[in-house]
Amino acid sequence: MTAAAAEQGRICALATHCTRDLQARAAAHPDLFDAKPFDAALFGAVSLANAFGSPDGTPAELEIANRTALWIFALDWRIDYRATERGDVAAIAARCAATVAGEPPDDPLTRFLAEIRDRLAESPAYPQFSPVWADELRRMLDAMVLEWTWKADHAETGSWTPDLDDYLANADNFGSTFVNAGHWIHTSGRAALDRLGALLEASREVQRVLRLLNDLATYGRDVTWGDVNAMLLGADRASVEKRIGELVDRCRELFEPLRDACPRETAYLERQIGYSTGFYGAGDYWGAL
């Protein structure tokens, strides 16, 4: 038995605990996860991603990251695939922002979000950093609204308005930095929390890498589902891969001044890149329509 295999087995056991938690949350919010793409494999894939990102974590420490990631899938489904009018998208975003601000939830999506908010509020750092968490949610919602607008415009005109730079500037719609913000508020110590702004800047660069890795894996599905993809914006696979390399180099530059004070958090971001490179090289999160 090798040490590496034993470590991977332990991480998979951690992911198994987390998967059961996500299955329980989905059962508690059945209206959010009744669409066919929310298959059993999705819960396991989300849990594995976060377990490999935080291999030294506990199931309780990973609750916020896992539940937030699962909630984002439900949000994405409602905005990208169910909303038919700009007003619908704006209303979803407004309800989510209001819930994080403390208003009572009024639909299945905001009820699950309020549950995550209340769990995160148990963390000692939450009172100080709740505005940061709310701002990351706003960034993600604004980016999702903009992407929905791009898709609606494409449906009307047959052409895409963003170029690759515009698309990457809007990568907050991917949601990983919102996940990371909650995860760090929930688990990080003072040294990392004092550098949360710099960590989130690095996370946004990682997020652009993950956005492009996802696009390489899901091009065929995105064409079928009508999603925007980097390779629909004038970029071929080779140019996307080149851009990923440039972004990874920039990530390393951002990690370097954070390593000594935030070793756990920088390792987490590096592992996100590594895990996603392997995962998207062979699979995807969503089930079939």
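I need every pair where a residue in the range 83-98 that is closer than 19 Å to ASP227 by Cβ has its Cβ under 9 Å from the Cβ of a residue that is among the acidic types (Asp, Glu) and assigned to a helix (DSSP H, G or I), sequence separation at least 6 or different chains. Partner pairs satisfying both residue conditions: ALA93/ASP142.
Filtering ARG208, ARG252 for residues that are surrounded by fewer than 17 Cβ atoms within 10 Å (Cβ to Cβ) and either aliphatic (A, V, I, L, M) or in a helix (DSSP H, G or I) (or both) leaves a single hit, ARG252. For beta carbons closer than 8 Å, sequence separation of 6+ or different chains, a first residue in the range 189-202 that is over 15 Å from ASP135 (Cα atoms) and a second that is modelled with pLDDT of 95 or more and of a type in the set (Val, Ile, Thr), the qualifying pairs are LEU193/ILE185; ALA202/THR266.
The criterion of at least 1 residues that are within 25 Å of THR266 (Cβ to Cβ) and either of a type in the set (Phe, Trp, Tyr) or modelled with pLDDT of 95 or more (or both) is met, among helices (runs of 4 or more DSSP H) falling completely within the range 24-133, by 40-53, 63-76, 108-120. Pairs linking a residue in the range 141-162 that is within 20 Å of LEU109 (Cα to Cα) and of a type in the set (Phe, Trp, Tyr) to a residue that is at pLDDT below 95 and not in a helix (DSSP H, G or I), with Cβ atoms under 7 Å and 6 or more positions apart or on different chains, are TRP148/ALA83.
Just the residues that are under 23 Å from PRO55 (Cα atoms), part of a helix (DSSP H, G or I) and more than 15 Å from the chain's Cα centre (by Cα), please, taken from the range 142-194. Result: ILE185, HIS186, THR187, ARG190, ALA191, ALA192, LEU193. If you scan the range 224-245, which residues turn out to be over 21 Å from the mean Cα position of the chain (by Cα) and either surrounded by fewer than 16 Cβ atoms within 10 Å (Cβ to Cβ) or assigned to a loop (DSSP other than H, G, I, E, B) (or both)? Selection gives THR224, LEU233, GLY234, ALA235, ASP236, ARG237, ALA238, SER239, LYS242.
Checking each residue in the range 255-272 for being farther than 10 Å from GLY53 by Cβ and either under 16 Å from the mean Cα position of the chain (by Cα) or touching a residue at least 60 places away in the same chain (Cβ under 8 Å) (or both) picks out LEU258, ALA261, CYS262, ARG264, GLU265, THR266.
The values are calculated or read from the model by the stated rules, or taken from the named source; none is laboratory data. No experiment lies behind these values; they were computed from the predicted model shown. Methodologically, a virtual Cβ is constructed for each residue, glycine included, from the backbone with ideal geometry; neighbour enumeration extends over all protein chains shown.
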